[in-house]
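> Sharing a structure below in structure tokens format, with a few things to ask.
The values are calculated or read from the model by the stated rules, or taken from the named source; none is laboratory data. Everything quoted here is computed from the prediction, not taken from an experiment. Virtual Cβ from ideal backbone geometry, glycine too; neighbours counted across all protein chains shown. Note: accessible area is taken over every heavy atom of the protein model, side chains too, but ligands, DNA and RNA are not part of it. Shrake-Rupley method; radii C 1.70, N 1.55, O 1.52, S 1.80 Å.
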Amino acid sequence: PRISCSECYTPTEFIPVSNEGTVITCTKVHFSTSQFLESVPYNCAYIQLDGADTWMFQNIDAPEARPGMRVKAVFRESRTGQMSDFVFKPADEK
């Protein structure tokens, strides 16, 4: 989160959003950095969370991802305070 807009520098307001959203566009990654090399190939996507007007880029833990797919954020059991601490899964998956 940012305390001010990066374009006009006006203060921002924190707005709670859902942990569920919609895949806007996605791709399957076949080459990666050493951090994710063991996971290749994997899916990542731009996701618009319910209640948000921006997109976020994150991994999707699903064999097939597609635009329009509903997803939910799920935290990993072991976390280190990085963006990779959570992954999106299909919303209908438990």
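> Look at Glu64 and say whether it is open to solvent by 70 Å² or more (accessible area, probe 1.4 Å) and closer than 13 Å to Lys89 by Cα.
yes
> Among Leu49, Leu37, which is the only one that is loosely packed, with under 10 Cβ neighbours inside 10 Å, out of contact with any helix residue (DSSP H, G or I) (no Cβ under 7 Å at 6 or more places or on another chain) and without any contact (Cβ under 8 Å) to a residue 40 or more places away in the chain?
Among Leu49, Leu37, only Leu37 is loosely packed, with under 10 Cβ neighbours inside 10 Å, out of contact with any helix residue (DSSP H, G or I) (no Cβ under 7 Å at 6 or more places or on another chain) and without any contact (Cβ under 8 Å) to a residue 40 or more places away in the chain.
> Here is a check on your reading of the model: is Phe14 surrounded by fewer than 10 Cβ atoms within 10 Å (Cβ to Cβ), at pLDDT below 90 and touching a Pro at 6+ places or on another chain (Cβ under 8 Å)?
Yes; evaluated as a whole, the condition is true for this residue.
> Hey, another quick one. Could you list, in sequence order, the residues of the stretch 71-94 that are charged (D, E, K, R), open to solvent by 90 Å² or more (accessible area, probe 1.4 Å) and either in contact with a helix residue (DSSP H, G or I) (Cβ under 9 Å, 6 or more places away or on another chain) or closer than 20 Å to Thr27 by Cβ (or both)?
Scanning the stretch 71-94 gives Arg76, Arg79.
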